[in-house]
Amino acid sequence: MDATFVTSVYVILDEIVKAVLELVKYKPKMVPAEILLVAVLAARYFHNNLERALVLLQQTGYVPQARGLSISRYNRQLHRYATLLEFCLETLMALAREGDVFIIDSMPAPVCKRKRAWHCRKVRGKDYCGFCAAKNETFFGWRLHLICTPEGVPVTFTLLPALHHDLTPLYELTVDLPPDASLYGDKGYNTAPGEQVS
């Protein structure tokens, strides 16, 4: 875990919490900024495993052991601040857009294997049948299109049915990037007009 990232994210979250929420009259074990910090760090470093992020923050001293929450109590607190967490994540992604170099890529988000697609009740239709060239396999579900910084911090993303090409959401994803920013991706993002401009 990067100490600079943890500290800077905590400061940003603390400022948002002070601006949005009212002061509580009692002294909670974990303040809202710490609760939101655990969720952000779990997404960044632990594949959304909240318990691992909570334990590591307690072990490293970011959250004192005496003020630590159990995972069930932490989850209840996190659900209280769900809408605030969404706003905080959007704010953090907007701050990450201030750079000048970004990376774009897509990855499959399968619902099930392709041969089981006709049993699937969540999504239906040929639009959800896709192919992943990197894994050389077909899948059924969604495709996640993601732009991130070179350090791996997400800037913007979208989910589309798997059939859509990588170029489909390109302009919608890049509209909020700085005008002089460089965007790097694999050859799936090459277009004839784009290569003539370069």
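The values are calculated or read from the model by the stated rules, or taken from the named source; none is laboratory data. Just so it is clear, the model here is predicted, and its values are computed rather than measured. Glycine also receives a Cβ, built like all others from the backbone with ideal geometry; neighbour counts cover every protein chain displayed.
Which of the residues spanning the range 68-105 are part of a strand (DSSP E or B) and in contact with a helix residue (DSSP H, G or I) (Cβ under 8 Å, 6 or more places away or on another chain)?
Selection gives ILE104 alone.
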Return the residues of the range 31-56 that are part of a helix (DSSP H, G or I) and under 12 Å from TYR10 (Cα atoms); say none if nothing qualifies. PRO32, ALA33, GLU34, ILE35, LEU36, LEU37, VAL38, ALA39, VAL40, LEU41
Sort through LEU144, LEU159, LEU173, LEU183 and tell me the only one that's outside any strand (DSSP E or B), among the hydrophobic types (A, V, I, L, M, F, W, C), at pLDDT 85 or above and under 30 Å from MET1 (Cβ atoms). LEU173
Members of the range 1-30 found to be in a helix (DSSP H, G or I) and among the acidic types (Asp, Glu), listed by number: ASP14, GLU15
Based on this model, can you work out whether THR138 counts as closer than 26 Å to VAL9 by Cα and of a type in the set (S, T, N, Q)? no
Can you confirm whether the range 15-23 contains a residue that is within 19 Å of GLY61 (Cα to Cα) and in contact (Cβ under 8 Å) with a residue 40 or more places away in the chain? no
May I ask you to list the residues in the range 154-165 that are under 10 Å from the mean Cα position of the chain (by Cα) and either buried (at least 16 other Cβ atoms within 10 Å of the Cβ) or of a type in the set (Ser, Thr, Tyr) (or both)? VAL155, THR156
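Would you confirm, using the coordinates I've provided, whether LEU69 is buried (at least 18 other Cβ atoms within 10 Å of the Cβ) and either touching a Cys at 6+ places or on another chain (Cβ under 8 Å) or among the aliphatic types (A, V, I, L, M) (or both)? Even if it seems obvious, please write down each step before you answer.
Numbers: buried (at least 18 other Cβ atoms within 10 Å of the Cβ): yes; either touching a Cys at 6+ places or on another chain (Cβ under 8 Å) or among the aliphatic types (A, V, I, L, M) (or both): yes.
When the stated conditions are applied, LEU69 passes them.
Being of a type outside the set (A, V, I, L, M, F, W, C) and in contact (Cβ under 8 Å) with a residue 40 or more places away in the chain is the filter; apply it to the range 29-60 and report the residue that is surrounded by the most Cβ atoms within 10 Å (Cβ to Cβ).
Ranking the qualifying residues of the range 29-60, first place goes to PRO32.
Condition first: within 22 Å of HIS47 (Cα to Cα), surrounded by 17 or more Cβ atoms within 10 Å (Cβ to Cβ) and out of contact with any Gly (no Cβ under 7 Å at 6 or more places or on another chain). Can you find one or more residues in the range 114-136 that meet it?
Restricting attention to the range 114-136, the residues satisfying the condition of being within 22 Å of HIS47 (Cα to Cα) are 132, 134-135.
If we keep only those that are surrounded by 17 or more Cβ atoms within 10 Å (Cβ to Cβ) too, we end up with none.
No.
Looking at this structure, is PRO108 more than 30 Å from PRO32 (Cβ to Cβ), assigned to a loop (DSSP other than H, G, I, E, B) and not aliphatic (A, V, I, L, M)? Lay out the reasoning, then the answer.
On the way: more than 30 Å from PRO32 (Cβ to Cβ): yes; assigned to a loop (DSSP other than H, G, I, E, B): no; not aliphatic (A, V, I, L, M): yes.
When the stated conditions are applied, PRO108 does not pass them.
State the number of residues belonging to the range 72-100 that are of a type in the set (Phe, Trp, Tyr) and crowded, with 16+ Cβ neighbours inside 10 Å.
Within the range 72-100, the subset of a type in the set (Phe, Trp, Tyr) is 74, 81, 87.
Filter again for crowded, with 16+ Cβ neighbours inside 10 Å, leaving 74, 81.
Counting residues in the range 72-100 that are of a type in the set (Phe, Trp, Tyr) and crowded, with 16+ Cβ neighbours inside 10 Å gives 2.
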